[in-house]
Amino acid sequence: MNQTGLEIVTRNPQKPRERRREPRFKTSQPVVLTVMGTRVKPVMEGCILNISDRGLRVRIPQQIPVGTVIKADAGQIRMLGEVLRCVEVNGAYHVGVQLFNSLSGISELNRLNRQLLQEEGDLLSGAESPGRLSRVMLQTRS
């Protein structure tokens, strides 16, 4: 303590400063991961080790390259994210995923999928100019 009665705290150089914005919650939730962005979409089972509002850490049996987009299905929750980190730990891999979005209802996900497929089909059917695109998007929403 110093003369003011306050304790002087020094940072331990051995322990890095926490940079996360949200707290992480430990869990042991089964999850099915699907690797996106490839013609063949590899699927593997894993376990969510911890989760926050913006990310999760998952233990899986195979390595996934950093930068890979994945889909994670855990019960009725579907999450999309990007692999930021993948390290080997005791014969398995711990993967850090930054989430893009999480949807807590399969019906909401199905509605969004239908909307995206409709918009993609409209774009492929000849929406070359911005004016045409606006008309096509207005028609799909009505």
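Taking θ as phi - 60° and the Karplus parameters 6.51, -1.76 and 1.60, the scalar couplings of region 24-30 work out to 9, 10, 5, 8, 9, 8, x Hz in sequence order, x denoting glycine and proline.
In order along region 49-57, the phi-based Karplus estimate (6.51 cos²θ - 1.76 cosθ + 1.60, θ = phi - 60°) of 3J(HN,Hα) comes to 8, 7, 8, 9, 5, 10, x, 8, 10 Hz; Gly and Pro are listed as x. Sorted into 10 angstrom bins from 0, the C-alpha pair distances of region 20-104 split as 19, 59, 21, 1 percent. Amide H to amide H distances under 5 Å link VAL31 with GLY46, CYS47, ILE48, where only residues 5 or more positions off or on other chains count and H is placed in the peptide plane. Given H placed 1.01 Å from N in the peptide plane, which residues other than close sequence neighbours of THR68 have an amide H under 5 Å from its amide H? Amide H to amide H, under 5 Å and 5 or more residues apart or across chains, THR68 pairs with VAL83.
Count the net charge of all other residues whose Cβ sits under 14 Å from the Cβ of ILE64, scoring Lys and Arg as +1 and Asp and Glu as -1.
Combined, the nearby Lys, Arg, Asp and Glu give +2.
Laboratory data are not the source of any read-out in this text; all were calculated from the coordinates shown. Small disclaimer: the values here were computed from a predicted structure and weren't measured. Cβ sites come from the backbone with ideal geometry, for glycine too, and all protein chains shown count toward neighbours.
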